[in-house]
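Student: Before we start, here is the structure in question, set down as structure tokens.
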Protein chains: 2
Amino acid sequence: MRLSELSRAVGVPPATVKWYLRVGLLPKGTPTAANQAHYDVRHVRRLRLVRALIEIGRLSVDASRRVCDAIDDADLPLHDVLGVVHRALADAGAHPGATPEASAAVDTFLDRRGWQVRPDAPARAELAAVLTALTGLRDSGAPPVDTADAVAHLLTPYAEAVQPLAAAEVAGVPTDLARDEVVEQVVAGTVLMERALGALRRLAQEHHWAGRREPD
Amino acid sequence: MRLSELSRAVGVPPATVKWYLRVGLLPKGTPTAANQAHYDVRHVRRLRLVRALIEIGRLSVDASRRVCDAIDDADLPLHDVLGVVHRALADAGAHPGATPEASAAVDTFLDRRGWQVRPDAPARAELAAVLTALTGLRDSGAPPVDTADAVAHLLTPYAEAVQPLAAAEVAGVPTDLARDEVVEQVVAGTVLMERALGALRRLAQEHHWAGRREPD
């Protein structure tokens, strides 16, 4: 198919498709004539994935390209592809520096839960940034949320909510299929279901607010 | 304090503080001289909140201003402030159009769960966009994730993970305090803990991957 057909098939404007080609987010098509190229079903899939990463997953163009490069590197194990995806998600939206207290409290929290997580896992810094921001927003009288006890109190319900979920997600990745057959689905699931999880939390909050009297 | 001191207190560059003042994200200080103004502790709090909304919550400047305006409108009940926050979070990152099938499947899913959620809750469209994207990324042989059964199968574990969490979050908002005493904390918690939830899910995934053999 031609670029205009690719554009229509996925619903991405031709100018955006051309830009994705230029910045290397989409592999070049097969040249057919001067200024013309042929695109196939793999371009449709990739364009859909890129769009989902950027528009729904809120990844930057650079982060999306790193994710696509990791998918295309057939020598990179699935686990390492997911490492690239996790880094991209942690970096989506810069997060201001965390205090050393908050970073240490996150490390203590994860240690006590017994979670096997690399020391440089990007989500550690992301969590520490959240705790630092919450501490900064506390009233002067309120205790900070960057001590081990305060962090355990705050984060435990969230950790307990996601732990069985993550176990099921990891267990749900088929072991009898080759890396190339699952990698795109696993990447898409990791990115898109984080968005779905946030949306469902807000819907559940709305539901529970509906059953509660408003404070005056 | 002066603008330079406000900037240092929160760790936001003076040029950014000036820009926030210009676009109305931060209320003007009290004029003290030509081109000089005095800022106080309320500016520090607001600047911290704005920074958290934008940098950690990934809200746009427009969405952050709508959230701040809602906080400052003392006549707006807390529940309605949260409606503004939920809309801002759903809109963070445009999401491409959902198919009617995906939208209908989300509505059916929420109905069957018995969640009391407004028909125009912005997270409905967000979920439908996720399902539409996942369906588009499926292999041609795989069933779409926009039928009621497929959506229930996919989303139920996520809904079950967040439901008790959301119940605890809503129950944790004090009823014995005035709106103005809790509104900033509730807004910050809604936005920042969504980010924390995603980070914890990824850490739990890493933990569970560590206990699993890599598919070849």
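The values are calculated or read from the model by the stated rules, or taken from the named source; none is laboratory data. The structure displayed is predicted, hence computed values, not measured ones. For neighbour counting, all protein chains shown are included, and Cβ atoms are generated from backbone atoms with ideal geometry for every residue, glycine included.
Student: Within the stretch A:48-70, track down each residue that is facing chain B (nearest Cβ under 10 Å) and either modelled with pLDDT of 95 or more or in a helix (DSSP H, G or I) (or both).
Tutor: Selection gives A:ARG48, A:LEU49, A:ARG51, A:ALA52, A:LEU53, A:ILE54, A:GLU55, A:ILE56.
Student: Which helices (runs of 4 or more DSSP H) sit wholly inside the stretch A:100-216 and have at least 1 residues that are of a type in the set (D, E, K, R) and touching a Phe, Trp or Tyr at 6+ places or on another chain (Cβ under 9 Å)?
Tutor: Where helices (runs of 4 or more DSSP H) fall fully within the stretch A:100-216 and carry at least 1 residues being of a type in the set (D, E, K, R) and touching a Phe, Trp or Tyr at 6+ places or on another chain (Cβ under 9 Å), they are A:179-210.
Student: Of all residues in the stretch A:152-200, how many are in the same structural domain as A:PHE109 (by TED's automatic domain parsing), in contact (Cβ under 8 Å) with a residue 40 or more places away in the chain and crowded, with 23+ Cβ neighbours inside 10 Å?
Tutor: 1
The rows are residues; the columns are (1) closer than 16 Å to A:ALA159 by Cβ; (2) more than 7 Å from chain A (Cβ to nearest Cβ); (3) at pLDDT below 95.
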residue: B:LEU165; (1), (2), (3): yes, no, no
residue: B:THR175; (1), (2), (3): no, no, yes
residue: B:VAL183; (1), (2), (3): no, yes, yes
residue: B:LEU197; (1), (2), (3): yes, no, no
residue: B:GLN205; (1), (2), (3): yes, no, no
residue: B:GLY211; (1), (2), (3): no, yes, yes
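Student: Restricting attention to the stretch B:55-95, which residues are over 20 Å from B:GLU126 (Cβ atoms), hydrophobic (A, V, I, L, M, F, W, C) and out of contact with any Leu (no Cβ under 9 Å at 6 or more places or on another chain)?
Tutor: Listed by number, the residues that qualify are B:ALA74, B:LEU76, B:LEU78.
Student: A further question follows. When the stretch B:33-47 is examined, which residues are found to be within 12 Å of chain A (Cβ to nearest Cβ) and touching a helix residue (DSSP H, G or I) at 6+ places or on another chain (Cβ under 8 Å)?
Tutor: Residues satisfying the conditions are B:VAL44, B:ARG45, B:ARG46, B:LEU47.
Student: Report, by residue number, each residue of the stretch A:1-27 that is within 17 Å of A:VAL61 (Cα to Cα) and assigned to a loop (DSSP other than H, G, I, E, B).
Tutor: A:VAL12, A:PRO13, A:VAL23, A:GLY24, A:LEU25, A:LEU26, A:PRO27 - these are the residues of the stretch A:1-27 that are within 17 Å of A:VAL61 (Cα to Cα) and assigned to a loop (DSSP other than H, G, I, E, B).
Student: State the number of residues belonging to the stretch A:39-54 that are without any contact (Cβ under 8 Å) to a residue 24 or more places away in the chain and more than 12 Å from A:TYR20 (Cβ to Cβ).
Tutor: The number of residues fulfilling the criteria is 2.
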